[in-house]
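Engineer: Input: one structure, supplied below.
The values are calculated or read from the model by the stated rules, or taken from the named source; none is laboratory data. Note that the structure is a prediction, hence the values are computed from the model and not measured. Glycine also receives a Cβ, built like all others from the backbone with ideal geometry; neighbour counts cover every protein chain displayed. SASA here: full protein model, heavy atoms, side chains in, ligands and nucleic acids out. Shrake-Rupley method; radii C 1.70, N 1.55, O 1.52, S 1.80 Å.
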Number of protein chains: 2
Amino acid sequence: MFLPEGVEWALHCGWLLSHLEPGETLSSRRMAEFYGLPPAYLSKVLKSLVRAGLLEAVTGPRGGFRLARAPEEITVLEIVEAIEGRSPLFRCMEIRQRGPAPATKSDCLRPCGIAAVMYQAESAWRNTLRETTIADLASHASSGSTNRARGWLRSLPER
Amino acid sequence: MFLPEGVEWALHCGWLLSHLEPGETLSSRRMAEFYGLPPAYLSKVLKSLVRAGLLEAVTGPRGGFRLARAPEEITVLEIVEAIEGRSPLFRCMEIRQRGPAPATKSDCLRPCGIAAVMYQAESAWRNTLRETTIADLASHASSGSTNRARGWLRSLPER
């Protein structure tokens, strides 16, 4: 069980876009170039982020993508869920309701202890991802990676 | 991204086996019957639990499966990892090392902030699963489900 690789791409692109100056945008093609990613597939990932309200797509000659909100207001969880969805990792099939001695529907108004602990663990996972924002990622990044991103952005004739 | 359904089966079978009296075993066929599961596939799941040292397979006419340790000493995490493995949910492909302004190997001695928060969230998930044992599941189960399991076990002519 693995998260789709688009999750890694989306998080890195969110981080990269947080280095733009106000009013600037960056094209999908440029982001694919910076991270060595397949442009067509990255484009789908970015569209998912737009649909989730995390990025804005600006059309026109100076068009491209930018963060739709301040980096402080976009959590890692939002980006992960934009790509992966919100389905639980653990899908309870209610096997306790099968077989020769099944639990009745009224026995099953609450999740069983097994489903409960699996859901509790998922909440712990989601809560950790919710506590970190794009701004946190940017402020904790090494000066090397920040300088690489800024230097490359400045070097572009057009974005 | 979903956990394989064998995780649910393995956890329920571990719980069911905790209701056996000392010296008793239960066959794979009986567990498949109790939960309405495909016997051949359940058998593979149980073999994974034996390989992980969580169940013992007893051969012979009164053979079957039993817990290899006390229920207090088998965690939900151990059962989940016996089926799902221990690979991280998030696979970091180090895309920061690609493209026109790549991070160098020496920049990458530590995970980047993105990988770090993803791994931290996985630790929170695993820690929650590690805190619950089969004995906890049994002690928190409803009296209805405990009675159903015990009553069915007692009703079996052979297991």
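Engineer: Please determine whether any residue of the range B:98-117 is at the interface with chain A (Cβ under 9 Å from one of its Cβ atoms), within 21 Å of the chain's Cα centre (by Cα), modelled with pLDDT of 95 or more and over 19 Å from A:Asn147 (Cβ atoms).
Structural biologist: no
Engineer: Can you name every one of the helices (runs of 4 or more DSSP H) wholly within the range B:1-96 that holds 1 or more residues which are open to solvent by 50 Å² or more (accessible area, probe 1.4 Å) and under 22 Å from B:Arg150 (Cα atoms)? Break it down into steps so the answer makes sense when it comes.
Structural biologist: Values: elements: B:5-17, B:28-35, B:39-51, B:76-84.
Counting at least 1 such residues, we get B:28-35, B:39-51.
Engineer: Go through (1) surrounded by 14 or more Cβ atoms within 10 Å (Cβ to Cβ); (2) within 22 Å of the chain's Cα centre (by Cα); (3) within 8 Å of chain B (Cβ to nearest Cβ); (4) at pLDDT below 95 one by one and return the number of the condition A:His140 breaks.
Structural biologist: Condition not satisfied by A:His140: (1).
Engineer: Oh, and also: If I go through the range A:1-50 residue by residue, how many of them are over 12 Å from the mean Cα position of the chain (by Cα) and in contact (Cβ under 8 Å) with a residue 12 or more places away in the chain?
Structural biologist: Selection size over the range A:1-50: 20.
Engineer: Out of the range A:128-137, which residues are at the interface with another protein chain (Cβ under 7 Å from one of its Cβ atoms) and open to solvent by 20 Å² or more (accessible area, probe 1.4 Å)? Reasoning before the result, please.
Structural biologist: Within the range A:128-137, the subset at the interface with another protein chain (Cβ under 7 Å from one of its Cβ atoms) is A:128-129, A:132, A:137.
Matches in the range A:128-137: A:Thr132 only.
Engineer: Moving on. When you scan the range A:79-88, do you find a residue that is modelled with pLDDT under 95 and aliphatic (A, V, I, L, M), even just one?
Structural biologist: no
Engineer: Then there is this: For the range B:143-159, give me each residue that is within 17 Å of A:Arg110 (Cβ to Cβ) and open to solvent by less than 80 Å² (accessible area, probe 1.4 Å).
Structural biologist: B:Gly144, B:Ser145, B:Thr146, B:Arg148, listed by residue number.
Engineer: Let me ask another. Which one is farthest from the other protein chains (Cβ to nearest Cβ), of the residues in the range B:2-53 that are of a type in the set (Ser, Thr, Tyr) and closer than 30 Å to A:Pro4 by Cβ? Before the answer, list the steps.
Structural biologist: Step one: list which residues in the range B:2-53 are of a type in the set (Ser, Thr, Tyr), which gives B:18, B:25, B:27-28, B:35, B:41, B:43, B:48.
From the residues that got through so far, the ones that are closer than 30 Å to A:Pro4 by Cβ too are B:41, B:48.
Working: B:Tyr41: 13, B:Ser48: 15 Å.
That would be B:Ser48.
Engineer: For the range B:97-135, give me each residue that is assigned to a helix (DSSP H, G or I) and in contact (Cβ under 8 Å) with a residue 40 or more places away in the chain.
Structural biologist: Of the range B:97-135, the ones assigned to a helix (DSSP H, G or I) are B:97, B:105-108, B:113-130, B:134-135.
B:Arg126, B:Leu129, B:Arg130, B:Ile134, B:Ala135, listed by residue number.
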